[in-house]
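Presented below is the structure to which this report refers.
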Amino acid sequence: MSEIDKLFTISQQLDNNQIERYKAEFYIGKISRVYKDRCYVQTDNFSLLKSRINRNDFLVPNTINYLVVIESITGIYLAEVISSQLNEETITHDALINNNDASLHPLIQLKVIGIYQKEKFTLLGFSNVGIGDKVYIATSKVEEIYQSSLEIINNHQPKKRLSFANMAFFGKKNIPFEISPNGLLSNHFMILGATNSGKSTSALSILEQLHNQKIKFILIDPTGEYCSAFKNDGNVDSLTLGENTVMRTGKITDQQWLTLLNPNTENQEQQLIDAISELKIAKVLSSETDYHSSIVTNGLIKKENNSVRQVEETLRTDIPDDTDIDIEKLIPQLQYDAVEEDGSNNNPYYISTKFKRNNYKWLIDQVNYKLNKLKLVKFLGDVEDEPKENQINKTSESGQNQVFIDESKILEESKKEHDLLKEISELNNKNSKSLYVNASKIGINNDSGKMVIDLLCNELLSERMAYKLDNPKFSFEPIILFIDEVHRYALEKDINGNYSTGLINIAREGRKYGIFLFLTSQSPKDIPSIILNQIGTLLVHNLTGKDDLKVISNYFDDSTLNSLGNLGQGDAILTGVNLIKNIQLRIKPSALTQNNKTPYIGE
């Protein structure tokens, strides 16, 4: 029995004999034209396309989107019907009206999907069908082989697979779709869709299944939409920025400060960076009692009425780059910086002038606005191992005053505050949990979100890169970085015009270190192209914007691209480098709670 005959054999036993179905029962025509990306079938007559039931197969060959098998000398091919037509002639019209099937010869267009090898369908490579090859409607057995062949990187089939959707094809319903986590996420993954298209439902359904398989993730939630999803889950640590979690200011780079506080001109940018540097110096020198004491006052650098030479010598103090600052002192430091040199003698001093105060006024107002609007005072700080407010003075038996720690207050404080970057660093430990980061409490907007995500990405990647450098053979535990509505926070260029932000670095280099992106967006046109080009798998819900469709046009052919605007809520098309073809899906909702219900208008 030939290979193609085996595909038309069913396993049912009758009187100890295996029932065979003949290919002739499924025959529809022969290949009449062959192109690189498609081919055409010339049917013998219209009667071959009539709907019918063939044992367990319900055949509807007069429509599109069903599978066919092509018998060729170079192999057995699988193809999908993408169009079917009759000649537009009066004779054709009359024959159709009079049911003269013998004179009607429909022309069917096919898109070849794969070739049958080792009991599965694989990518075509350089193979193709030929003119005169016979075409047959695919049986249910062929459809089952096709379903098991969808993922093309099954080098070691995992026992546990993701099943977050049903496939929609050939008019059949509730056909489970399964894919390995590696097949979905190994080349970075993104979900796209307009508002209320089902994008968030898809994301949560996939996250739930990843979590069930104990795959570690970081979930960055700018709106608090997912705050109830993993509540009280012992395997997910929940952090709320500005409430129980702070970020060390010493880890923030100059570029990130500029992104966060958004000064207006290059001159203001320099004034801001200088003030931050001065606060670091003041913190280091605050405990010293030498001549710096007239300049360093209450953790600030005071220039007014001080010698320019002495101030400049103070500012040349070497300090660690990661020195933390008190963010509440930034505005007072800017006010102290509103001075200029008094050049009336050989030993100039700094003096305060109205011109300088006016020069700094816009920047001071801008910083004050940002700190209050974004509630950054609560978020940007330092988690000390032994907080000063938890220290109490006691007298030892020797009569000397000593500092002791109130352990009850430390326990209370440890429950209240976490260092975000320390938590990120600890994710590299195998016994660590997944991380949910709620950023809604700090009034997160585009600028603060960009800073948080940029800093987080840099920290996560740099930690792993440094460890890999010291341990070249080490294999990291994979971690999924989930960012919702990424177009709002994805920096493309830094202040110097370089493509070097944290998210871009992870998109480019993260996979080598076990970091995989899981992104969502309703506006793909606003995602930096350098990030979008690194995405290997897309799940696209309803999308209608011309500019949005244009930027993802390389993932789909024209007909599929045009159909994206017709998808209903929860419907999506999955495409990716690890799939044999695009797949139409209907997403299965997650059992987890999601705070994104849209209010109903009317009774």
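Some points to look at:
- Checking the cross-link pairs K216/K473; K141/K581; K302/K378; K199/K550; K23/K581 against a 23 Å limit on the alpha carbon distance flags K302/K378; K23/K581 as lying beyond it.
- Stokes-Einstein diffusion of region 472-581 at 37 °C, 0.692 mPa s viscosity, Kirkwood radius from Cα pairs, rounded to a whole number: 213 µm²/s.
- Surface share of carbon and sulfur [accessible, 1.4 angstrom probe, percent] for region 241-324: 39
- Above-threshold pairs, the threshold being 23 Å between Cα atoms, out of K118/K214; K251/K441; K6/K134; K160/K422; K280/K370: K118/K214; K160/K422
- Its Cα centre serving as origin, region 216-274 has a Cβ charge dipole (Lys and Arg +1, Asp and Glu -1) of approximately 260 debye.
- Region 210-321 - percent relative contact order, Cα under 8 Å, separation 6 or more: 15
- Residues in region 313-327 carry Karplus couplings, in order, of 5, 4, 6, 8, 4, 6, 9, x, 5, 9, 5, 7, 10, 8, 4 Hz; the curve used is 6.51 cos²θ - 1.76 cosθ + 1.60 with θ = phi - 60°, and Gly or Pro positions show x.
- Pairwise FRET efficiency - L592 versus S140, Cβ, R0 = 41 Å, nearest 0.05: 0.75
- Nonlocal amide H pairs with L380, under 5 Å, H built at 1.01 Å: M247
- Modelled FRET efficiency - R0 60 Å, Q366 with T544, Cβ distances, 0.05 increments: 0.95
- Here the relative contact order of region 145-276, from alpha carbon pairs under 8 Å that lie six or more residues apart, stands at 14 percent.
The values are calculated or read from the model by the stated rules, or taken from the named source; none is laboratory data. Keep in mind the model is a prediction, meaning the values are calculated, not measured. A quick note on method: Cβ atoms are made from the backbone with ideal geometry, for glycine too, and the neighbour counts reach across all protein chains shown. All accessible areas refer to the heavy atoms of the entire protein, side chains included, with ligands and DNA or RNA removed. Shrake-Rupley method; radii C 1.70, N 1.55, O 1.52, S 1.80 Å.
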